[in-house]
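Q: Please see the structure below; I have some questions.
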Amino acid sequence: MPQTLPPLITEAAALSVAGARLQRYEMGPALIGAGADATVVIVAPGDTPGVSGVQDSTKVLLRGDRIPELHSRFEFRGPLPIHLFTRLDQGCLPLGTAFCRGTSYAPASFDHAELELDRPLSREMLDVVRPVPTPGPVPGVDWVDHVETDPIRALESFVLGWFPAEETEPAEDRSAAGEVSNLPEALAAFHRLARLRPALHRFHDPVLKQPRRASGPFGDRLVFAMWNGAGMDWSIPWPPQKPGEADPRVWLTEDPGAADPETIPEEEPLSRFLLQFTLYEAMNAAPYHAWTYCMPTARLGALCSMLRPIPLSPFLPTYTAERFFVAPGLLTQVSSDENEAVVNFAALHRGTLTPLLEHRFRWSRFDG
C-alpha cells in the first residue's frame, strides 16, 4: 500500500508549535524556535554525514555556534517536547517529536546535539529529507584475480583503489629501525602502501609502524599488529626460521601480557593474512554500513550471486570466522554455519548500499 507524506506547513506554522514567547536561534543551517510549550527544530534537507541534518531514520544532528541559553532545552528527556521539521521548497515537512541523546555537558559549551526521533521515518520520508546521492566512481574488483597467485599485488591494488590519496609528510628516515629494512616483502609492501595511503595507519587495530621483538612458546617473534587495545597481537618468527623465507607463517597470541599466553598459528601466510586484516579494517573504517540480523543461511543464495568471493580462509576462525566477498564499491563479510548467517556490508558511497533494500533483509543498521 503506497505511503503518503504528511502535509507541508509554512515555517511560521511550524514555529508556532513552540507556543508563546517564541525566541528564534540559528545553529548552523538549522533554525530553532524556543517557546513556552515546546522547542521546534527546522533542519535543511540533504545528505550531510556528521553535520547538521537528518542522518538516518531515527537520528538528527545539530551542529553550529555555541548557544548557551538553549542548553536546558536539550537535556536528556527534558521537560518540554522537541518537534522536528525539514525545510523543503514548498514548506516544512513534520518529522515528529524527538528527545536528546547527547549534547555538551556544560551549558556554556552547547554547540551540538544528537536527537533521536520517537518514531522512525518511513523510507519514503527519509528519501525526501535525506536523498541518497548517485554514487560516484567506485573501486573495481579486478584485484581479486591476483589473490591466489600474487597476494601482495592484490593488496596493493585494493588499497590504492579503496583508500583515497592524501597529502603526506616526507618519508621518515627509518635507517635506525633495525629490523625494518629486513622485513619480509609482504610487510615491507604494507608499510610502503601506508606511506601512500596514510589511512592504513589509522585503523582501529593498527599494524605497528615499528614492529617489536617478543618471545613466545614457539620461539622469538616480531610483533607487527595489535588487536583490541593489545588484547591480542600478531607476529612472525624472528629471526626467520628458514633462511630467505619470503612469506612466513603468522602467529596469533591472545592476552600477550599474561604469564602463559596462548599462541595459535594462523591459517594464512603473512602476505594473505595482511590482505585479510586490511579488508577487515577497511570495512570497520568505511563511512557507510549495513548489518543484517541473523537469518537463515538459505537466504544468502540470491545475495551471493551479485558478490564475488575472495579466496581466503575465514578471518578470526575461533571468533566470528568471517568470509569476505566484494562487488564494485562494496565490501561484505559473512559469518555463517549450516543454518544461520549474519552479513555486514561496507561502502564508500551511501548509494552503493541502497540497492540492497531489494533483498528485504531485516537490518540492525542500514546507512543506504
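The values are calculated or read from the model by the stated rules, or taken from the named source; none is laboratory data. Note that the structure is a prediction, hence the values are computed from the model and not measured. Positions of Cβ are generated from backbone atoms using ideal geometry, with glycine treated the same way; all protein chains shown enter the neighbour counts. Side chains included, ligands, DNA and RNA excluded: accessible areas come from the protein's heavy atoms. Shrake-Rupley method; radii C 1.70, N 1.55, O 1.52, S 1.80 Å.
Q: Gain in length, Thr134 to Phe99, computed as 0.36 nm per residue apart minus the alpha-carbon separation, to one decimal in nm?
A: Contour length minus Cα-Cα distance gives 9.5 nm.
Q: Next up: Quick check for me: using +1 on Lys/Arg Cβ and -1 on Asp/Glu Cβ, what's the dipole size of the chain about its Cα centre, in debye to the nearest 20?
A: Details: 32 positive and 46 negative charges, 189 e Å.
With only Lys, Arg, Asp and Glu charged at Cβ, the dipole is about 900 debye.
Q: With angles folded into 0 to 90 degrees, how steeply does helix 151-162 sit against the dominant principal axis of the chain? Use alpha carbons for both and round to 10.
A: On a 0 to 90 degree scale, this one is about 20.
Q: Follow-up question, since we're still on this one. Among bridges DSSP assigns within the chain, what percent are antiparallel (round to 5)? Kindly include the intermediate steps, with their values, before the conclusion.
A: Numbers: 73 of 78 bridges.
Within the chain, antiparallel bridges account for around 95 percent of the total.
Q: Can I ask one more? Which of rounded, prolate, oblate describes region 1-127, given a ≥ b ≥ c as roots of the alpha-carbon gyration tensor eigenvalues and a/c under 1.5 marking rounded, otherwise prolate only if a/b is larger than b/c?
A: prolate
Q: Summing +1 for each Lys or Arg and -1 for each Asp or Glu, what net charge is found among the other residues whose Cβ lies under 14 Å from the Cβ of Leu88?
A: -2
Q: At a Förster distance of 30 Å, what's the computed FRET efficiency of Ser57 paired with Arg77, Cβ-Cβ distance as r, to 0.05?
A: Computed FRET efficiency for Ser57 and Arg77 comes out at 0.90.
Q: Please report the spacing between the Cα centers of region 327-368 and region 202-227 in Å, no decimals.
A: That distance is 32 Å.
Q: Going by Cα centres, region 75-98 and region 261-295 are how many Å apart?
A: 40 Å
Q: Moving to a separate point now. Which shape class applies to region 198-270: rounded if a/c is under 1.5, otherwise prolate when a/b exceeds b/c and oblate if not, where a ≥ b ≥ c are the square roots of the Cα gyration tensor eigenvalues?
A: Oblate, since a/c reaches 1.5 and b/c is not below a/b.
Q: Which option, (i) 0.97; (ii) 1.06; (iii) 1.44, is the value of Rg/Rh (Cα atoms, Kirkwood Rh) that was calculated from these coordinates?
A: Recomputing Rg/Rh (Cα atoms, Kirkwood Rh) here picks out (ii).
Q: Could you state the principal axis extents of the C-alpha atoms in region 246-319, from the largest down, to the nearest angstrom?
A: That works out to 46, 30, 28 Å along the principal axes.
Q: Can you pull the percent of region 1-141's accessible area that's carbon plus sulfur, 1.4 Å probe, other chains left in place? Can you show the working numbers first?
A: Working: 3910 of 7230 Å².
With neighbouring chains kept in place, the figure for region 1-141 is 54 percent.
Q: Would you be so kind as to identify which of Ser235, Phe324, Ser271 lies farthest towards the positive end of the dipole of the chain, taking Lys and Arg as +1 and Asp and Glu as -1 on Cβ and the Cα centre as origin?
A: Among Ser235, Phe324, Ser271, the one farthest towards the positive end of the dipole of the chain is Phe324.
Q: Evaluate E = 1/(1 + (r/R0)^6) for Leu208 and Ser122, where r is the Cβ-Cβ distance and R0 equals 51 Å; express this FRET efficiency to the nearest 0.05.
A: 0.60
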